[in-house]
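Participant: One structure, pasted below without further comment.
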Amino acid sequence: MKYSLMLAGAATAISVQANPSISPQPLSFRTTLTVNTAKRYQTMIGGGCSGAFGAACQTNSLSTADQQTVVKALFDENLGALSILRNIIGSSTGATILSECPATPAGPFNYSFPTSSNDSCQLTLAQNALQYNPDLFLYADAWSAPGCFKTTGQEAGGGYLCGVRGSNCTEDWREAYANYLIEYVKLYEQRGIKVSMLGAYNEPDFNPFTYSAMLSDGYQAYDFLSVLYPMVKRTFPNLAVSCCDSTGARQQRDLLYELGRLGGLNMFDINTYHNYQSDIKVPFEDLLHSQPTIETEWSDGGSTWTPTWDISGNNFEGLQWAIYMHNAFRNNVAGWSHWWCAWSGGDAALVNVNGDSYQIAARLWAFSSYFRFARPGAVRIYAETNVEDLYITAWMNTNSTIAIPVVNAAHYTYTLDVQLYGSKVSHAVAYLTDNEHNVTVDNEFIFKEGRFTAQIEPRAMKTFFLDF
């Protein structure tokens, strides 16, 4: 069969003969990857998930052995390698540490640990996670102050903390709320659990109407953080204070800008945001005083469970999550947390529990491909290539080992010619994650003078772990 093509401005027809016996050769490309330990960026805090709103209880339907297996899969440094666990400081009936609210900020305040289900199973989850990660970074975060501390008198459905500008309350409850947050930390430490970070807000730019929530802009955050921060440091000098878990990176920038206009950028230790309404486009550094940044919640999936790595292109497949994390890290984010650790149905969790069975999402192996090898305390170092469909970072651990996670978004193989400067590592192990592999050892080799060559498969993630 012949096809005739007429060139514009030419009178001659060109005939092209199709040859069905010729099939295209598989594509394969080569690129150079340069890594340099002398140029350094943020320090890794880690990856995480949450047991809030009863999510920590979701695995109770599993056998005792399977419950332990799930926690191990999430937090063991040789498996999921998560190191951050985010607790909700409950404000609803049965979940709060303050079961009866006093009439005035003068008290009395009768605090007690929410023993029902062991703080909605959050204490149990923390205790179990510590078995596999003794350095667990526990983030205790409040969605709302108790209702009697707020303009609405209700802990759900928004409202403002009494005492901040615009609240127009007869009493100032800011110090009471600070004490309430600190008391939660004390109750956990009395049970042998160290809290690493304390937060007073969750999505203060969003009023869901139906569950625990409290609103705040940056100016109102200043009014409260100016009370909370010195109180925390007097009681727990090493406890980090967060600000302020906005719904997106752009929303967090707006809050930080307002906070900074009042001189409040020294009233928190870690910048925290969510990834729902906007992802990070530029680093936060211009709005901070050198604080690290953590993305502390995201999973905007629907009711359809997505366990796969790369089948449909769904936003919640593992490959896509690897790229989301890469983009955050390249913008100097120091940690990335999923929403729930486990739940029944939907993409809001890393583990789907269905009665007495469970399934792990491939998203967990994207987490593992970063956090198993770039451990807390690792520093991101310079890593560049000149191709657009490879996503590459590099991290140097505190013991001078190096992790190079590479995501190949192309539908063809890449050969990587790696040139490493400033390190004497000479041994490499490659760990592959794709539709058939979950952080599986793929290759091991010795190299000299900082140079090695390796391949990465299509639509895959491969982490090169380099040691001596």
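Participant: What do you reckon, is TYR139 at pLDDT 95 or above and in a loop (DSSP other than H, G, I, E, B)? Full working, then the answer.
Facilitator: Working: at pLDDT 95 or above: yes; in a loop (DSSP other than H, G, I, E, B): no.
So TYR139 fails the test.
Participant: A further question on this structure: Starting from the range 432-446, keep only residues that are more than 15 Å from PHE465 (Cβ to Cβ), then list their pairs with residues that are outside any loop (DSSP other than H, G, I, E, B) and of a type in the set (Ser, Thr, Tyr) whose Cβ atoms are within a distance under 8 Å, requiring at least 6 positions of separation or different chains.
Facilitator: Between residues of the range 432-446 that are more than 15 Å from PHE465 (Cβ to Cβ) and residues that are outside any loop (DSSP other than H, G, I, E, B) and of a type in the set (Ser, Thr, Tyr), the close pairs are ASN438/SER368.
Participant: Hey, another quick one. Considering only residues of the range 338-363 that are assigned to a loop (DSSP other than H, G, I, E, B) and out of contact with any helix residue (DSSP H, G or I) (no Cβ under 9 Å at 6 or more places or on another chain), which is farthest from MET461 (Cα to Cα)? So that I can check it myself, show each step before the final result.
Facilitator: Kept after step one, since they are assigned to a loop (DSSP other than H, G, I, E, B), are these residues of the range 338-363: 344-348, 355-356, 361-362.
So of that shortlist, the ones also out of contact with any helix residue (DSSP H, G or I) (no Cβ under 9 Å at 6 or more places or on another chain) come out as 345-346.
Details: GLY345: 26, GLY346: 24 Å.
Per the stated criteria, the residue is GLY345.
Participant: Scanning for something farther than 19 Å from SER226 by Cβ, assigned by TED's automatic domain parsing to the domain that holds PRO230 and surrounded by 24 or more Cβ atoms within 10 Å (Cβ to Cβ), does the range 102-119 turn up at least one residue? Let's see the steps before the verdict.
Facilitator: Narrowing the range 102-119 to residues farther than 19 Å from SER226 by Cβ: 102-104, 106-119.
The next check asks that each one be assigned by TED's automatic domain parsing to the domain that holds PRO230; those that pass are 102-104, 106-119.
Those left that are additionally surrounded by 24 or more Cβ atoms within 10 Å (Cβ to Cβ): 119.
Scanning the range 102-119 turns up at least one residue that is farther than 19 Å from SER226 by Cβ, assigned by TED's automatic domain parsing to the domain that holds PRO230 and surrounded by 24 or more Cβ atoms within 10 Å (Cβ to Cβ).
Participant: Right, here's the next one. With respect to GLU258, determine if the residue is of a type in the set (D, E, K, R), closer than 24 Å to ALA334 by Cβ and at pLDDT 95 or above. First the steps, then the outcome.
Facilitator: On the way: of a type in the set (D, E, K, R): yes; closer than 24 Å to ALA334 by Cβ: yes; at pLDDT 95 or above: yes.
Spelling it out, GLU258 is indeed of a type in the set (D, E, K, R), closer than 24 Å to ALA334 by Cβ and at pLDDT 95 or above.
Participant: Also, I was wondering about something else. Looking at the range 318-337 only, could you name the residues that are under 11 Å from the mean Cα position of the chain (by Cα) and part of a loop (DSSP other than H, G, I, E, B)?
Facilitator: Answer for the range 318-337, where residues must be under 11 Å from the mean Cα position of the chain (by Cα) and part of a loop (DSSP other than H, G, I, E, B): VAL333, ALA334.
Participant: Within the group GLY90, GLY47, GLY80, which residue is of a type outside the set (Ser, Thr, Tyr), over 16 Å from the mean Cα position of the chain (by Cα) and modelled with pLDDT of 95 or more?
Facilitator: Numbers: GLY47 fails: over 16 Å from the mean Cα position of the chain (by Cα); GLY80 fails: over 16 Å from the mean Cα position of the chain (by Cα).
Going through GLY90, GLY47, GLY80 in turn, just one is of a type outside the set (Ser, Thr, Tyr), over 16 Å from the mean Cα position of the chain (by Cα) and modelled with pLDDT of 95 or more: GLY90.
Participant: So THR304 ticks every box in (1) among the β-branched types (Val, Ile, Thr); (2) at pLDDT 95 or above; (3) assigned to a loop (DSSP other than H, G, I, E, B) but one. Which box is left unticked?
Facilitator: Against the list (1) among the β-branched types (Val, Ile, Thr); (2) at pLDDT 95 or above; (3) assigned to a loop (DSSP other than H, G, I, E, B), THR304 comes up short only on (2).
Rundown of residues vs (1) more than 24 Å from GLY335 (Cβ to Cβ); (2) out of contact with any strand residue (DSSP E or B) (no Cβ under 9 Å at 6 or more places or on another chain); (3) at pLDDT 95 or above, yes/no style:
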residue: ALA10; (1), (2), (3): yes, yes, no
residue: ALA13; (1), (2), (3): yes, no, no
residue: PRO24; (1), (2), (3): yes, yes, no
residue: ASN36; (1), (2), (3): no, no, yes
residue: THR43; (1), (2), (3): no, no, yes
residue: GLN58; (1), (2), (3): no, no, yes
residue: ARG86; (1), (2), (3): no, no, yes
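Participant: Inspect all residues belonging to the range 223-243 and state whether any of them is more than 22 Å from ILE45 (Cβ to Cβ) and aromatic (Phe, Trp, Tyr). Outline the logic, then answer.
Facilitator: Narrowing the range 223-243 to residues more than 22 Å from ILE45 (Cβ to Cβ): 223-224, 226-227, 230-231, 234-235.
Within this subset, residues satisfying the condition of being aromatic (Phe, Trp, Tyr) are 224.
Looking through the range 223-243, at least one residue is more than 22 Å from ILE45 (Cβ to Cβ) and aromatic (Phe, Trp, Tyr).
Participant: Related question: In this structure, is TYR412 outside the structural domain of ASN332 (by TED's automatic domain parsing), closer than 30 Å to GLY313 by Cβ, touching a Pro at 6+ places or on another chain (Cβ under 7 Å) and modelled with pLDDT of 95 or more? Step through it out loud before you land on a result.
Facilitator: On the way: outside the structural domain of ASN332 (by TED's automatic domain parsing): yes; closer than 30 Å to GLY313 by Cβ: yes; touching a Pro at 6+ places or on another chain (Cβ under 7 Å): yes; modelled with pLDDT of 95 or more: yes.
Yes.
Participant: Does at least one position in the range 106-113 carry a residue that is among the aliphatic types (A, V, I, L, M), assigned to a loop (DSSP other than H, G, I, E, B) and more than 16 Å from LEU82 (Cα to Cα)? Show your work before the answer.
Facilitator: Step one: list which residues in the range 106-113 are among the aliphatic types (A, V, I, L, M), which gives 106.
With the extra rule that they be assigned to a loop (DSSP other than H, G, I, E, B), the set shrinks to 106.
Okay, now just the ones that are also more than 16 Å from LEU82 (Cα to Cα), so 106.
The answer is yes, given that some residue of the range 106-113 is among the aliphatic types (A, V, I, L, M), assigned to a loop (DSSP other than H, G, I, E, B) and more than 16 Å from LEU82 (Cα to Cα).
The values are calculated or read from the model by the stated rules, or taken from the named source; none is laboratory data. Remember, predicted model here, so these are calculated numbers, not experimental data. In this analysis, Cβ positions are derived from the backbone assuming ideal geometry, glycine residues included, and neighbour counts consider all displayed protein chains.
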